[in-house]
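Data first, discussion second: the structure below is written as structure tokens.
The values are calculated or read from the model by the stated rules, or taken from the named source; none is laboratory data. Please read all numbers here as calculations on a predicted model, not as lab measurements. No Cβ is skipped: glycine too gets one built from the backbone with ideal geometry, and neighbour counts run over all protein chains shown.
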């Protein structure tokens, strides 16, 4: 690994601070991220939903290797941030489609994670 690649890794939190099934919003080097652990693996994404910028740590659900925003149900893959579903808002689908048109469809930024010296690190 080159020195430049090594400089891209930043400490996010101690391993002991994040349990399986949990997630938290953190600021790392001035960037807000969502850091979580699902099925024993760490993941990191941008902290806010790409639809209406809602904090994913406030009720976001992880299921089938995707994260779903609690506000309008926009869903992204955790592996690469690819958009799976844009603002379906299942309680009243026409309303969800209308809200979905208020912003352009976008993928979620996803960051690499690793553990080094009992700390979870994020690369960006």
Just the residues that are at pLDDT 95 or above and over 16 Å from residue 124 (Cβ atoms), please, taken from the range 1-18. 14, 15, 16, 17, 18
Of 97, 104, the only residue that is modelled with pLDDT under 95, more than 15 Å from the chain's Cα centre (by Cα) and in a helix (DSSP H, G or I) is 97
With respect to the numbered conditions (1) surrounded by fewer than 18 Cβ atoms within 10 Å (Cβ to Cβ); (2) at pLDDT 95 or above; (3) closer than 15 Å to residue 78 by Cβ, which one is the sole condition not fulfilled by residue 40? (2)
Which numbered condition in (1) at negative phi; (2) in contact with a strand residue (DSSP E or B) (Cβ under 9 Å, 6 or more places away or on another chain); (3) exposed (fewer than 14 other Cβ atoms within 10 Å of the Cβ) is the only one that residue 16 fails? (2)
Residue 73 fails exactly one of (1) out of contact with any strand residue (DSSP E or B) (no Cβ under 8 Å at 6 or more places or on another chain); (2) more than 16 Å from residue 24 (Cβ to Cβ), namely (1)
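This table checks each residue for (1) within 14 Å of the chain's Cα centre (by Cα); (2) touching a residue at least 40 places away in the same chain (Cβ under 8 Å).
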{"position": "18", "(1), (2)": "no, yes"}
{"position": "34", "(1), (2)": "yes, no"}
{"position": "40", "(1), (2)": "no, no"}
{"position": "55", "(1), (2)": "yes, no"}
{"position": "63", "(1), (2)": "yes, no"}
{"position": "70", "(1), (2)": "yes, no"}
{"position": "86", "(1), (2)": "no, no"}
{"position": "89", "(1), (2)": "no, no"}
